[in-house]
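Below is one structure, written out as structure tokens; the observations come after it.
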Amino acid sequence: MLAEAVGGWLANSLALIADAGHMLTDVGALSLTLGAIWFASRPATSKKTFGYYRLEILAAFVNGIALVLISLWVIYEAYQRWHAPQEVKGFQMTAVAVGGLIVNIIAAFLLRGGHQHDLNMRGAWLHVIGDLLGSVAAIIAGVLILAFGWIWADAATSVLISLIIIFGAWNLIKESVNVLLEGTPAHINLTAVEQMILQTENVENVHDLHVWTITSGIEALSVHIVHQERVVQAKLLQEIREKLHDEFSIDHLTIQLETLADEQANTHPCFSGANCFAPAEMSKIQSSKSKVA
């Protein structure tokens with residue numbers, strides 16, 4: 001980061017300064033990622049019954065926002081440069097960019113294992129890939145400046161890389177927001193889950209089905225299942241749990257088994273929040289309301 005910042009200033013290269021800016025956000029982003037991973041490993045408590053898993057999602061969300069803001073700043077600076085071209089030292093720019101590229105390749109290699117299944121790690125990986133692409137753009141721009149004197153290549157490549165970074169960051173933001181809103185995971189078809197349960201022998205109906213993500217790689221499900229009379233509930237429960245694990249990799253389950261009679265009882269007004277007081281109690285309540293009035 002320091003090498004690219006100094007090199008960008010000496011070479012008067014926006015591409016290098018932009019890449020150094022991305023690397024500056026990486027320092028914060030990678031620290032945030034590491035801190036979130038550390039907190040997520042802490043055990044659950046009576047006040048945080050799910051532990052600190054969601055901190056990883058929050059870190060991914062913040063990283064995505066930071067990537068978009070930095071990229072927009074780079075695009076603005078490139079616009080300014082386009083209308084007021086400035087001399088750029090192509091050789092110094094290319095030399096520093098090559099060093100940045102080597103560092104970013106090493107960092108991307110170290111983070112390659114976890115970014116596909118972990119939103120928090122993906123945020124960190126996207127920062128590094130953004131820097132890697134920035135270094136590539138700076139090298140291309142430096143070569144074009146050295147070979148043809150195309151000063152505009154510095155600003156043009158900066159815009160191109162910024163747009164690529166914004167695209168990846170926007171997807172990261174959408175996925176993290178979906179998790180925070182407890183939306184259905186993108187890789188799980190809720191209708192398919194419902195049909196799988198309904199096709200299980202002795203199952204009559206399914207309602208109140210919800211599937212959401214606690215953190216990357218940990219999905220949860222809650223559902224009410226109406227079954228036939230005289231069913232061994234333990235056996236039915238085990239069968240459904242195995243199907244959910246094998247077909248959808250969902251293991252964090254809350255399943256309520258009930259018969260048709262139970263379901264009908266639960267539709268009584270008393271279960272839907274209506275006033276279900278005895279006549280004597282109702283008269284006392286109405287009397288109290290009259291006194292207040």
>> Name the single residue that is surrounded by the most Cβ atoms within 10 Å (Cβ to Cβ) among those in segment 153-186 being at pLDDT 85 or above and not in a helix (DSSP H, G or I).
In response: P185
> If you go through segment 133-152 one residue at a time, how many are surrounded by fewer than 21 Cβ atoms within 10 Å (Cβ to Cβ) and within 21 Å of I17 (Cα to Cα)?
Replying inline: 10
>> So if I check each of I225, I218, which one is within 22 Å of the chain's Cα centre (by Cα), more than 30 Å from V136 (Cβ to Cβ) and not assigned by TED's automatic domain parsing to the domain that holds T49?
In response: I218
>> Scan segment 67-83 and tell me whether some residue there is surrounded by 18 or more Cβ atoms within 10 Å (Cβ to Cβ), small (G, A, S), over 14 Å from L30 (Cα atoms) and at pLDDT 80 or above.
In response: yes
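The values are calculated or read from the model by the stated rules, or taken from the named source; none is laboratory data. Everything quoted here is computed from the prediction, not taken from an experiment. Reconstructed Cβ throughout: ideal geometry from the backbone, glycine too, with neighbour counts over all protein chains shown.
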